[in-house]
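Engineer: My questions will all concern the structure given below.
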Amino acid sequence: MSAQAQVSIDRKSRLVLRIYMGIFFFYMFFPLVIMVAAGFNDYAQPSVTVWRGFTLKWFGELARDERMWSGLVNSLIIAVCVIAIALPQGLAGAFLVTRLQSRYTGVLYAIMVSPLLTPGIILGISTVIFWRNIGVSGGLFTAILAQSTFVASYAMLMFMARLQRQDMSLEEAALDLGATHAQAFHQITIPFLKPTIVTASVIAFLQSFENYNTTIFSIGGQHTLVTEIGSRMRFGLSPTINVIGILFILLTVFFATLYAVFRERERRREAQP
Amino acid sequence: MRSLRRSFGGPMTAVILLLAGTWIFGLIAGPQLIMIEQSLWRMEQGEGGAEISARIDRLYNQIDILSFDKMDVEDKPASTERDATLAEFTGKIDALTVEIAVLEATETTPRKVYSIDNYRLMGSAHLAIFAKTVIASLGVTAIAFFVCYPMAYTVAKLAPPRRAALILLALTVPYAINELLRIFAWQMILNYNGLANAMLGVFGFEPVPFLESGTGVFVAMVYAYILFMVFPIYNTIETLDTNQIEAAKDLGAGTWSIHTKVVLPHARPGIAVGCIMTFMLSAGSYAVPYIMTRGTADPWFTQLIYNKFFESTNWNVGAAYAFSLLAVCVVFIFLMMKLLKVRLQDIAK
């Protein structure tokens, strides 16, 4: 697909497009540069207009910040639980949609993708309402469930894409040759799904860890790393937030590059006959 | 059901149904339905609740007066007459106490009344903010589309493959960076003593209160959600056979008709996804208005929802607000699907 020839255009249009791209990328990256720079500024507020020299002291300040560390722990707990809940649910949903030959498949599918098209705050608040009626108030537990609602949809879509390419004859052959259902599932379906299980776990982890909208509406009096960052940003009192920004950007660049390399390799492998 | 059982056997089918069932009913449908139900009722004082409260107050006053009178009688020297009056007072006070108890019982058990009052309340108090939120979100969506379409087309069809891969990687980075950080970067720029005002100052302009006027919310929103438009459109344009474009060109089509007649029709599903995501994220954004206004500008609709739940704790009204937001998003999705003639199956990929 990507090996398709590109459309040829004349030199003037090419120049216009180049300028357009340049402006677009400047627009995308300039604010981030500003934010990174302020993290190294030796000034008590996040700022680049008042420059007091280069410093690394905000990194130390961040490392001593107890609330950030407890937020990080909460984020990790939530993310692990979300993976444990949402992946099996998403996989079960994908099995239903791909294997259940029924005229309700379309409706099922619509319900299962609906969390992706619902504003995050609605997922958060409806979960809290639901559990309050049973006497459970907002906290890590409701945050986990609220996040699982949409993370399971991502998992379902990924598993579905994989299952649609599955060669069913393998599984049927195993069953015909006397394998039990458990054996066939364990030795054929699971190994086939393994790459997707890995990528779905990574995506689920990132979606959970980085989530703000759903979490802030469902977590009650608790906090995660990201909700804590949010409440500090509002008044922008200390450049430690910028330092967090720098760390997030480094991690993102790392993962994005890893992902691109991984995808490129995958594509080359598929291109080979 | 039989096909499931054939590939998984009885026990595993049961597990699959259980897992999918808890997700669909326990996490998706259940909470949404409870939220809608909650938005449709309120606790109401019994018939004429205010009058009952007033009557109770009056009765308490009567008891106070009677007690004073009774104390006066108590001071008198003992006699049978005194005992009779005292007994009379005690009897009256007891009767009043019983009456109060009855009234208070009706007062403290409010009834659950189904009505659309919660929505009416929203309509009278915050319709303007609701409309502003929807219109601004439509604006963000439109801007994102016009900026991103040329970008997506360029990467998909005009750039050489190696460069296209590099551009995509470069776009992935700001796309994947946490939403809050992207917003905060703009808060630093548009702050009262931020970079934008410093630049204006160089040219001798007065500082502009970007954050306080609400401009900041719009600017940061476009920045935060614009890339959700690029990737879906890119993905669909990439599947378009380049020969179709070349053929159109050979047959004499100009740039405009190539796009309106060949590329855009092909990219419909991607455009639908991009618009739906951008609109949904903007209308449902809590982070952008929270960080970009510091509470100084008009609230975004999501902030009203937050306040109803966590500050004024009127959950029934809050649920009505939340459902209104959800309804707008659903209407928008159906509108896009109808307008662009795509099905749900094309959208969620």
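Engineer: If packing is taken as the mean number of other Cβ atoms within 10 Å per residue, what is the order of A:53-65, A:78-90, B:274-286, B:9-21, highest first? Display every interim value, and only then the final one.
Structural biologist: Details: A:53-65: 13.5, A:78-90: 22.3, B:274-286: 25.7, B:9-21: 16.1.
By packing density, highest mean first, the sequence is B:274-286, A:78-90, B:9-21, A:53-65.
Engineer: Still on this structure, please answer the following. If packing is taken as the mean number of other Cβ atoms within 10 Å per residue, what is the order of B:22-34, B:79-91, A:148-160, highest first?
Structural biologist: My ranking of the peptides, most packed first, is A:148-160, B:22-34, B:79-91.
Engineer: Sticking with this one: Against the longest alpha carbon principal axis of chain B, how many degrees, from 0 to 90 and to the nearest 10, is the axis of helix B:268-283 turned?
Structural biologist: 30 degrees
Engineer: Relative to the Cα centre, what is the charge dipole magnitude of the stretch A:67-237, using +1 at the beta carbon of each Lys and Arg, -1 at the beta carbon of each Asp and Glu, and rounding to the nearest 20 debye?
Structural biologist: Computed about the Cα centre, the dipole is about 480 debye.
Engineer: Give me the compactness ratio for the stretch B:49-109, meaning the Cα radius of gyration over 2.2 N^0.38 Å.
Structural biologist: 1.36
Engineer: Give the Kirkwood hydrodynamic radius (Å, one decimal) of the stretch B:1-151, defined as one over the mean of 1/r across all pairs of different Cα atoms.
Structural biologist: For the stretch B:1-151, the Kirkwood estimate is 23.4 Å.
Engineer: State to the nearest 20 debye the size of the charge dipole of the stretch A:112-203 about its Cα centre, where the only charges are +1 on K and R beta carbons and -1 on D and E beta carbons.
Structural biologist: Values: 4 positive and 4 negative charges, 85 e Å.
For this selection, approximately 400 debye.
Engineer: According to the square roots a ≥ b ≥ c of the eigenvalues of the Cα gyration tensor, what is the shape class of the stretch A:142-273, taking rounded for a/c under 1.5, prolate for a/b larger than b/c otherwise, and oblate for the remainder?
Structural biologist: oblate
Engineer: Hey, another quick one. Let me confirm one metric for peptide A:24-34, namely the mean number of other chain beta-carbon atoms within 10 Å of its residues' beta-carbons.
Structural biologist: Values: counts 9, 5, 0, 5, 9, 4, 3, 14, 6, 1, 6.
Mean partner-chain Cβ count within 10 Å for A:24-34: 6.
Engineer: Any of B:K132/B:K338; A:K194/B:K338; B:K132/B:K261; A:K12/B:K261; A:K12/B:K338; B:K112/B:K338 with alpha carbons more than 29 Å apart? Name them for me.
Structural biologist: A:K194/B:K338; B:K132/B:K261; A:K12/B:K338; B:K112/B:K338
Engineer: Give me Rg/Rg_expected for chain B, where Rg uses Cα atoms only and Rg_expected = 2.2 N^0.38 Å with N residues.
Structural biologist: So chain B has a normalised radius of gyration of 1.61.
Engineer: Would you kindly compute the Cα radius of gyration of the stretch A:67-237 and its largest Cα-Cα separation (Dmax), both in Å?
Structural biologist: 18.7, 68
Engineer: Just counting partner chain Cβ atoms within 10 Å, what average do the residues of peptide B:10-23 show around their Cβ? Intermediate values should be presented prior to the final figure.
Structural biologist: On the way: counts 1, 2, 6, 3, 0, 2, 9, 4, 3, 11, 15, 4, 6, 15.
Per residue, the average neighbour count from other chains is 6.
Engineer: Could you run the Debye sum over the Cα atoms of the protein assembly as shown, one equal point scatterer each and no solvent, and tell me log10 of I(q)/I(0) at q = 0.09 Å⁻¹, two decimals?
Structural biologist: Relative scattering, expressed as log10 I(q)/I(0), comes to -0.84.
Engineer: Let me ask something additional. Can you figure out the FRET efficiency of B:W256 with A:W69, using R₀ = 45 Å and their beta-carbon distance, to the nearest 0.05?
Structural biologist: Working from the Cβ atoms, E equals 0.20.
Engineer: Stokes-Einstein at 20 °C, 1.002 mPa s, Kirkwood radius from Cα pairs: D for the stretch B:74-131 in µm² s⁻¹? Each step should come with its number before you reach the end.
Structural biologist: Working: Rh = 16.4 Å.
It comes out at roughly 130 µm²/s.
Engineer: Now, a different point. Mind pulling the angle between the C-alpha long axis of helix A:140-163 and the longest principal axis of chain A? Nearest 10 degrees, somewhere in 0 to 90.
Structural biologist: Roughly 50 degrees, rounded to the nearest 10.
Engineer: Using Cα positions and a limit of under 28 Å, work out the lysines in reach of B:K92, with same-chain residues fewer than 8 apart set aside.
Structural biologist: Those lysines meeting the cut-off are B:K70, B:K76.
Engineer: As an exercise, use a Förster radius of 41 Å and the Cβ-Cβ distance of A:D10 and A:R267 to find the FRET efficiency, rounded to the nearest 0.05.
Structural biologist: Result of the calculation: an efficiency of 0.85.
Engineer: Can you pull the semi-axes for the stretch B:197-349, root of five times each eigenvalue of the Cα gyration tensor, sorted largest first, whole Å? Please list the in-between numbers first.
Structural biologist: Working: eigenvalues 290, 128, 20 Å².
Semi-axes, largest first: 38, 25, 10 Å.
Engineer: Apply the Karplus parameterisation 6.51 cos²θ - 1.76 cosθ + 1.60, with θ equal to phi minus 60°, to every residue of the stretch B:333-338 and state each ³J(HN,Hα) to the nearest whole Hz, in sequence, with x for glycine and proline.
Structural biologist: Listing the rounded values in order: 4, 5, 4, 5, 5, 6 Hz.
Engineer: Using 0.36 nm per residue, how much length does the chain from B:K112 to B:A29 gain when fully extended, once their Cα-Cα distance is taken away?
Structural biologist: 27.6 nm
Engineer: Same structure, new question: Show me, for the stretch B:254-267, the HN-Hα J-couplings you get by feeding each phi into the Karplus relation (A = 6.51, B = -1.76, C = 1.60, θ = phi - 60°), rounded to Hz, glycine and proline as x.
Structural biologist: With the stated coefficients, the stretch B:254-267 comes to x, 4, 4, 6, 4, 6, 6, 9, 10, 6, 4, x, 5, 8 Hz.
Coordinate-derived values only; no laboratory data. All figures in this text were calculated on a predicted structure; none of them were measured in a lab. Glycine also receives a Cβ, built like all others from the backbone with ideal geometry; neighbour counts cover every protein chain displayed.
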